[in-house]
Amino acid sequence: MADCPWRPTPKNLARWEKLENSDKFLHSSQARDGRLDCNYCGKGPLRIATVDHVHPLSRGGADSAANMVVSCTACNYAKGDKLLR
C-alpha cells in the first residue's frame, strides 16, 4: 500500500487541487465566452483544451485565474515553461 499512487499525501492532494482549479477555470471560460478558443493561435472551438499558466508555476507564477489562459495542446506544449516577452 505504501507505493499506491492514490494515497492521500500532501504532494498528491496539491496536484489534485491544481487540476480542480484548472477544470473550474475551463468551465467558467466556456460559460463566459460560449466556446473555448486558444488564446495564443486563435484556433477553436477546441474539443480538447488545456490551461496554460502565463507565468509558469515552475517560475513562481500563481495558480490563479488571473495567471491562466485557455490554450490548445500544441501551443501549451510549445510554450512549456518559457516566459512571454
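Every number here is computed from the coordinates shown, using simple stated rules; none is lab data. Everything quoted here is computed from the prediction, not taken from an experiment. Don't worry about glycine lacking a Cβ; one is built from the backbone with ideal geometry, like all the others, and counts go over all protein chains shown.
In terms of the Cα gyration tensor, with a ≥ b ≥ c the square roots of its eigenvalues, is the range 16-79 rounded because a/c is under 1.5, prolate because a/b exceeds b/c, or oblate? Verdict is oblate for the range 16-79. Charge dipole (Cα centre; +1 on Lys/Arg Cβ, -1 on Asp/Glu Cβ; no other charges) of the range 28-85 amounts to roughly 160 debye. Scalar couplings 3J(HN,Hα) for the range 79-85, obtained by applying the Karplus form with A = 6.51, B = -1.76, C = 1.60 to θ = phi - 60°, are 6, x, 9, 6, 8, 6, 9 Hz; x denotes Gly and Pro.
For a straight C-alpha distance cut-off of 18 angstrom, the aspartates and glutamates reachable from residue 24 (same-chain residues fewer than eight places away being disregarded) are 33, 37, 52, 63. Since only 27, 65, 54 are under comparison, the one whose Cα sits farthest along the positive direction of the charge dipole of the range 16-79, derived from C-beta charges on Lys, Arg, Asp and Glu, is 54.
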